[in-house]
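Nothing in this text is a laboratory measurement; each read-out follows from the coordinates by a stated rule. Because the structure is predicted, anything quoted here is derived from the model rather than measured. Here the Cβ positions follow ideal geometry from the backbone for every residue, glycine too, while neighbour counts run over all protein chains shown.
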Amino acid sequence: MANIDEHLHEEKPVRYVLFTLARLLFSLENNFTIDDLVSLYERWDWHDPEITEYQLTYEFDNGSNIMPISCTSENEDWMSFCVGYDNCPYDIYSSLPLKGEIFDD
C-alpha cells in the first residue's frame, strides 16, 4: 500500500490504478464503504470529490465478482504496487484479510 500511496502522491493517476485500488479495498474483510474510500482519496492533491464518488460507486456497483489483482509478471502494470514475491516472501492472497467469497470460485 505504501508503493501505491507514493505513486499517487507523485503522479496523476491513471484509471487502471484507481479502479484496481478500489476493487482491492472493496475485496477486504473490512467492508469499506464508498464514503470510506472517498475519505482515503482526499489525501492526494488531484482528488475531486464528485468524480471520485462517481467512479467509486461505479466500481462498487459493478464489482460483484471482485477478484484481487495478481502479483505475477503476467500483470506488469500492477506488479510494481502489490505485495508480491518481488518485494516479500509472500503474495497478496496470504498477506491481506480478503473476504471469503473471493476464494469461492
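Figures for the structure shown
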| quantity | calculated |
| --- | --- |
| LEU98 long-range amide H proximity, modeled H, under 5 Å | GLU29 |
| Peptides ranked, highest mean first, by Cβ atoms within 10 Å: ranges 14-23, 27-36, 43-52 | 14-23, 27-36, 43-52 |
